[in-house]
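Data first, discussion second: the structure below is written as structure tokens.
What follows draws every value from the coordinates through simple rules; no lab data is involved. What you are looking at is a predicted structure, and each value in this text was computed from that prediction instead of being measured. Cβ placement follows ideal geometry from the backbone for every residue including glycine, while neighbour counts extend to all protein chains displayed.
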Amino acid sequence: MKQLFIISLLLAKTFFTNAQNYIPMAVENATWQMASIDQYPHLSQIIVLRIEGDTIVNNSTYSKIYHYDTTYGKVTVQSKKLLGLIRDNVPQRKIYGGLIGGVQYGFETFLDPDGQCDWSDQNGFTEHLLYDFSLTQGDTINTCMLPNPTSISAVETTNRFGFERRNFILEGNGHSIMTEGIGTCIGIFKGRECLIAGSYYSFDLFNYCIGDFEDCNILTSVIEDIDSEQFNTFPNPVIDKLFIENASKIANIQLYSLEGKLISSFKNVEKIEMIKYDPGTYFLKIENNSGQRVTKKIIKI
């Protein structure tokens with residue numbers, strides 16, 4: 001595994017050099033680890049974003065960004081959710097991308113509520129300009145993650161995670177730093193400060209790595225599956241109402257499309273109104289009060 005990591009790193013460095021020292025963001029197996037740090041401080045919450053695979057939308061090729069949950073500092077491999085898509089325009093040094101429609105709910109901490117991005121479409125994907133590293137000091141940057149066009153007050157070069165990277169420091173807020181190849185201290189989709197308003201908590205990117213989880217020194221865990229019969233769902237196929245047994249023992253339910261896109265989340269429900277969804281195949285992920293999970297395949301007709 002270590003040899004694979006070294007090969008991946010050498011390939012990445014070769015690619016970066018060939019791209020006239022521009023460091024792209026849409027790199028296969030790139031992994032962001034962010035943690036909330038309270039006033040003491042210590043790591044009290046970890047968020048993992050990871051690029052795995054690609055897809056084509058409107059004749060453009062995008063890398064797929066997945067969000068992994070963590071439990072006691074370990075990545076839960078079964079929690080993988082498709083969060084968004086991203087692509088580099090290397091000659092122009094620009095990064096485009098966006099969230100998959102609807103998945104922003106529950107991820108609001110890592111999005112700017114005052115930004116210009118449109119994350120609201122429940123049924124698709126909208127591309128936005130996220131970063132523009134063709135600019136320099138004194139230029140005005142206007143990406144969708146910022147509420148208004150903002151001047152770049154300084155451009156610095158620092159060594160972060162193995163590469164010399166350009167940092168844009170945005171005017172008016174010392175916490176607003178955009179870093180080439182990485183994004184910001186709060187991941188990919190938030191262009192401003194890391195502090196959470198009204199609290200002691202902030203988030204920080206404490207690790208960025210290209211490689212497998214093992215290569216990045218990230219521990220993984222597998223959640224034990226529930227006995228599927230504990231939470232029987234019926235009827236299946238379903239036309240209008242899908243009923244769920246033992247609803248009082250369920251912590252939450254998530255409905256996913258066949259492509260892995262989160263469509264809806266439910267709590268404290270004994271039935272789901274499937275009539276409002278299009279015919280097709282869906283996956284229902286059920287988590288009980290102990291954190292154990294089961295996935296049900298649902299056919300909507």
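With the crude spin-label approximation of a point 7 Å out along Cα→Cβ, what separation in nm comes out for Glu270 versus Thr109?
3.4 nm
Order the peptides 242-255, 264-277 from the highest to the lowest mean number of other Cβ atoms within 10 Å of their residues.
On the way: 242-255: 16.4, 264-277: 14.1.
Ranking the peptides 242-255, 264-277 by packing returns 242-255, 264-277.
Any idea how far apart Glu164 and Asn232 come out in nm if each label point goes 7 Å out from Cα toward Cβ?
Simple spin-label model gives 6.7 nm for this pair.
Apply 1/(1 + (r/R0)^6) to the Cβ-Cβ distance of Gln78 and Gln137, taking R0 = 35 Å, and write down the FRET efficiency to the nearest 0.05.
0.15
Put +1 on the Cβ of each Lys and Arg and -1 on the Cβ of each Asp and Glu in region 228-300; which of Asn289, Val269, Ile299 then has its Cα farthest toward the positive end of the dipole?
Selected residue: Asn289.
Would you mind computing, in nm to one decimal, how far apart the modelled labels at Asn148 and Lys297 are, each placed 7 Å from Cα along Cα→Cβ?
5.4 nm
Given a cut-off of 27 Å, name the pairs among Lys190/Lys241; Lys74/Lys249; Lys64/Lys296; Lys74/Lys271 whose C-alpha atoms lie farther apart than that in the structure shown. Before the final figure, lay out each step's value.
Numbers: Lys190/Lys241 38 Å; Lys74/Lys249 25 Å; Lys64/Lys296 24 Å; Lys74/Lys271 33 Å.
Flagged as over cut-off: Lys190/Lys241; Lys74/Lys271.
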